[in-house]
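Worksheet: the structure to be examined is printed underneath.
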Amino acid sequence: MKTRYDAIVIGAGPAGLACSAEMAARGLEVALLDEQANPGGQIYRNISKASPKQHAILGEDYSAGMELISVFKEAPVEYFPQTRVWQAEPNGDVFFSRNGGSTKVSGDYLVLSTGAMERPVPFPGWTLPGVMTCGGMSNLFKDSSLSPIEPVVLAGSGPLLWLVAEHLFALEAPVAAILDTTPQTQIFPAFKHMPRALRRFGFLLKGVKMIAEVQITALKRKVPIYRGVKDLCAEGRDRLERVQATRGKKELSFEATTLLVSEGIIPNTSLLRQVGCAHTWDPVQRFWHPDVTVDGRTNLPAVFVAGDGNFVHGAKAAEFKGRLTALTIALEMHRISRTEYLELSAPVRRQLDRELFPRPFIDAMYAPRKDLYSLADETIVCRCEGVTAGRIRALVEEGYADHNEIKAMIRCGMGPCQGRMCSSAVFELIAGHSNIPPREIRQHRLRPPIKPVSLGELANANIGGPDES
Amino acid sequence: MSKENSRFSWENPLATLDTVTVTFEGEPFEVPAGISVAAALLGHTDEHFCHSAAEDDERAPYCLMGVCFECLVEIDGVQNRQACLEPVFDGMQVKRQRKVGDEEQ
Ligand code: FES
C-alpha cells in the first residue's frame with residue numbers, strides 16, 4: 001500500500017464500488033478501504049462467493065450487483081478488505097486498523113460511502129440474545145447460508161420486513177408470525193406522492209407483488225400476519241423465549257427463539273460526524289443526514305459523501321451517486337474536461353432522477369410512526385451501559401438537551417458502540433421532552449478512534465512512516 | 001465436533017462444503033470456510049457471545065453489520081473483536097469476551 005492516493009474511498013457497497021471504479025477509469029490512483037472480507041456492502045454482501053441457491057433465493061435485485069462487481073474487479077483500484085477506519089480528517093488523512101496493526105494513508109480526496117444501517121428502536125427486551133435485525137438475518141444468510149430452524153417472529157415496518165419474510169419462506173424457515181407495526185392510517189398521506197411514483201410503475205408493482213406473495217404463502221402455511229401492531233415486547237430469562245404485542249384490544253403472544261425487527265433504514269453517519277461533515281435533520285424520515293450536493297460535495301472541500309450514507313435511496317441510486325461523485329472529483333483533478341464531465345454525468349443524473357421517482361411515496365408510506373419513541377421508563381435505551389429511557393427523560397426534563405452532556409452524566413452512549421445504537425432514541429427523547437426544535441439540538445459527537453483499537457496498536461501505529469508499498 | 005443446540009442450520013450439509021475447525025471456549029467444531037465468526041458461533045450454539053458493559057447481561061449479535069458491538073469476542077488472545085466482521089480461519093481460538101470494553105493487556 002502506498003501512503004498517498006489521489007482519492008481514498010471508504011466503504012465497498014454499491015456507491016463505493018461504482019465511485020472507485022469510475023475514478024480509476026479516469027486515471028486517478030484510488031484506494032478502497034472496507035470492513036468486510038468481500039466487496040458488495042450490505043446489499044450485495046458476499047455476492048461474488050454466493051452459491052446459485054443463495055442467488056436464487058435472494059433474487060434478481062441481489063444478482064444485479066454482479067455487473068457492478070465485475071466492472072470493479074477489472075478496474076485498477078487498490079482494494080483493502082477487512083480494514084477498519086477509526087479516524088478520518090478533513091485534510092484527507094485516514095487512520096485504519098488492518099491485520100492487527102494501525103497505519104495512516106492520505107488522499108487528495110476522500111469519498112465516504114459508509115452506507116446505511118437499521119434504525120435502532122428500543123423496546124422492552126430488545127437486548128435479549130435472539131433479538132436481531134431483519135438486515136442482520138439477511139446478512140447471515142448472504143454470508144453463510146444460515147437459516148432459522150426454530151420459530152421466528154418478524155416485527156416492524158417497511159420493505160425490508162417483507163423482503164426478509166419472503167426469503168425465510170423460500171428457505172422453509174418456521175415463521176411463527178409477521179407483525180406489521182405500520183399505522184394503518186399512514187397510507188393516506190402517502191397517496192399525494194403517488195402520481196410521481198407511478199412514473200416507475202414497474203418498480204412499485206414489484207414491491208406490491210412481493211408483499212402479496214408473502215401474504216399468500218403466509219395464508220397457505222397458516223402463518224398469522226397482524227397489521228397495526230403495537231407494544232412489541234421480547235421476553236425470556238437469558239435469551240428470547242416469547243414475543244408479545246397488542247393489536248387493538250387483542251393481546252398477541254408467540255413462542256419464538258428468534259425475533260427479527262426492522263423499523264426502517266437510516267444513514268450510517270458515524271465516520272461522517274467524526275470527520276466533521278455538516279448534517280441536516282430530516283423531519284419526515286426523522287434522521288440526520290449529511291449536507292451533500294447531488295455531485296457528492298460536503299462542507300469540507302476534500303471530503304465527498306456518496307450513496308445511502310447521504311440519504312437513504314437504495315442500492316441503484318447509491319451506484320449512480322457514486323459515479324457522479326467520481327466524475328466531479330475527476331473534473332476537479334483535471335482528469336476530464338468540463339465538456340466531458342457534462343457529457344458523462346448527464347445520463348447518470350437522468351438515471352438517478354428516475355430512480356428517485358417512487359421515493360417520496362415509499363418514504364411517506366413507511367415514515368417512522370409518531371409513537372416510535374414513546375418509550376416506557378424501564379426500557380433500556382443505551383444497550384452497552386444499560387441506561388433506561390426514564391433516566392434520560394428525567395435529565396431532559398431538568399433541562400439537559402445535549403446527548404454529549406447526558407453521556408457525561410449517566411454514561412449513555414459511552415460503551416463500545418459509542419452511541420451508534422442509542423443516539424437516535426436519545427435525540428428523540430430530547431426532541432419530545434424539551435422545547436428545542438430538533439434541528440437546533442446538538443448531535444452526538446464521536447471521538448476517534450471510532451472502532452476498537454488496542455492501546456498497544458495505537459502505540460505501535462505506523463502513522464507517518466516511509467512508503468512501504 | 002458436536003453440534004450443540006443452535007437456532008440455525010446451514011442450508012447445505014457441512015459434508016458438501018469446504019470446512020475449517022474453530023474452537024469456541026475450548027470446544028472445537030467444524031464450520032463452512034469463508035463465513036464470519038458470528039455466523040460460525042450462531043450456527044453452532046445458542047450461547048451468548050459477551051456481557052454488556054455495565055450490567056453484565058448476556059448478549060449476542062444484534063445487527064450483524066458492525067454497528068452494535070454486541071458480538072465482541074476474544075480471538076486468539078485479542079479482545080474486542082467484532083465477530084460479525086471477522087472471517088473464520090482454521091485453528092482459530094474464540095472465547096467469550098469476559099467483560100465488554102476491557103482493554104487488552
Ligand atoms: S453483531 Fe452488531 S457489531 Fe457485530
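The values are calculated or read from the model by the stated rules, or taken from the named source; none is laboratory data. None of the values given here were measured: they were computed from a predicted structure. Ideal geometry is used to build each Cβ from the backbone, glycine not excepted, and the neighbour counts take in all protein chains shown. In case anyone asks, the SASA skips ligands and DNA or RNA and just uses the protein heavy atoms, side chains included. Shrake-Rupley method; radii C 1.70, N 1.55, O 1.52, S 1.80 Å.
Given the conditions (1) more than 10 Å from the chain's Cα centre (by Cα); (2) within 22 Å of A:Gly386 (Cβ to Cβ); (3) in contact (Cβ under 8 Å) with a residue 60 or more places away in the chain, and given that B:Asp90 satisfies all but one, which numbered condition is not satisfied?
Tallying (1) more than 10 Å from the chain's Cα centre (by Cα); (2) within 22 Å of A:Gly386 (Cβ to Cβ); (3) in contact (Cβ under 8 Å) with a residue 60 or more places away in the chain, B:Asp90 fails exactly one: (2).
Quick test for you: out of A:Thr127, A:Thr185, A:Thr133, pick the one residue that is at pLDDT below 90, outside the structural domain of A:Ser48 (by TED's automatic domain parsing) and among the hydroxyl-bearing types (Ser, Thr, Tyr).
Selected residue: A:Thr185, the only one of A:Thr127, A:Thr185, A:Thr133 that is at pLDDT below 90, outside the structural domain of A:Ser48 (by TED's automatic domain parsing) and among the hydroxyl-bearing types (Ser, Thr, Tyr).
Could you check the range A:412-446 and list, in sequence order, the residues that are more than 18 Å from B:Val67 (Cα to Cα), open to solvent by 30 Å² or more (accessible area, probe 1.4 Å) and assigned to a loop (DSSP other than H, G, I, E, B)?
A:Asn435, A:Ile436, A:Pro437, A:Arg442
Can you confirm whether A:Gly100 is touching a helix residue (DSSP H, G or I) at 6+ places or on another chain (Cβ under 9 Å), in the same structural domain as A:Thr298 (by TED's automatic domain parsing) and open to solvent by 30 Å² or more (accessible area, probe 1.4 Å)?
For A:Gly100, the condition - touching a helix residue (DSSP H, G or I) at 6+ places or on another chain (Cβ under 9 Å), in the same structural domain as A:Thr298 (by TED's automatic domain parsing) and open to solvent by 30 Å² or more (accessible area, probe 1.4 Å) - is met.
Scan the range A:314-328 and give yes if some residue there is in contact with an Asp or Glu (Cβ under 8 Å, 6 or more places away or on another chain) and basic (Lys, Arg), otherwise no.
Yes - at least one qualifying residue is present in the range A:314-328.
Looking only at the range B:91-103, count every residue that is more than 8 Å from chain A (Cβ to nearest Cβ), assigned to a loop (DSSP other than H, G, I, E, B) and crowded, with 19+ Cβ neighbours inside 10 Å and tell me the total.
As a first pass, look at the range B:91-103 and keep what is more than 8 Å from chain A (Cβ to nearest Cβ): B:91-99, B:102.
Then drop every residue that is not assigned to a loop (DSSP other than H, G, I, E, B), which leaves B:91, B:97-99, B:102.
Keeping just the survivors that are crowded, with 19+ Cβ neighbours inside 10 Å gives B:97.
So the answer is 1.
May I ask you to list pairs of residues, at least six apart or on different chains, whose Cβ atoms are under 6 Å apart, with the first in the range A:193-217 being part of a helix (DSSP H, G or I) and the second being surrounded by fewer than 15 Cβ atoms within 10 Å (Cβ to Cβ) and at pLDDT 80 or above?
Pairs found: none.
Return the residue satisfying two criteria in turn: it lies in the range B:25-53 and is more than 10 Å from chain A (Cβ to nearest Cβ) and part of a strand (DSSP E or B), and of such residues it is least open to solvent (accessible area, probe 1.4 Å).
Selected residue: B:Phe29.
Among (1) buried (at least 18 other Cβ atoms within 10 Å of the Cβ); (2) under 21 Å from the mean Cα position of the chain (by Cα), there is one condition A:Ile392 misses while meeting the rest; what is its number?
(2)
Quick one: which residue in B:Asn80, B:Asn12 is modelled with pLDDT under 95 and within 14 Å of the ligand (Cβ to nearest atom)?
Answer to the check: B:Asn80.
Search the range A:265-291 for residues being under 28 Å from A:Met66 (Cα atoms) and not in a helix (DSSP H, G or I), and hand back the single one that is farthest from the chain's Cα centre (by Cα).
So the residue we want is A:Thr269.
Yes or no: the range B:54-76 includes at least one residue that is within 15 Å of the ligand (Cβ to nearest atom), open to solvent by 10 Å² or more (accessible area, probe 1.4 Å) and more than 8 Å from chain A (Cβ to nearest Cβ).
So far as the range B:54-76 goes, yes, one or more of its residues are within 15 Å of the ligand (Cβ to nearest atom), open to solvent by 10 Å² or more (accessible area, probe 1.4 Å) and more than 8 Å from chain A (Cβ to nearest Cβ).
When you go through B:Val22, B:Val88 one by one, which is the residue that is touching a helix residue (DSSP H, G or I) at 6+ places or on another chain (Cβ under 8 Å), more than 11 Å from chain A (Cβ to nearest Cβ), within 24 Å of A:Leu171 (Cβ to Cβ) and more than 10 Å from the ligand (Cβ to nearest atom)?
Values: B:Val88 fails: more than 11 Å from chain A (Cβ to nearest Cβ).
When all the criteria are applied, what remains is B:Val22.
Determine whether A:Ala177 is modelled with pLDDT of 95 or more and within 20 Å of the chain's Cα centre (by Cα).
Values: modelled with pLDDT of 95 or more: yes; within 20 Å of the chain's Cα centre (by Cα): no.
No.
Which of the following residues is away from chain B (no Cβ under 14 Å), part of a loop (DSSP other than H, G, I, E, B) and buried (at least 21 other Cβ atoms within 10 Å of the Cβ): A:Leu68, A:Leu32, A:Leu28, A:Leu17?
Matching residue, one of A:Leu68, A:Leu32, A:Leu28, A:Leu17: A:Leu28.
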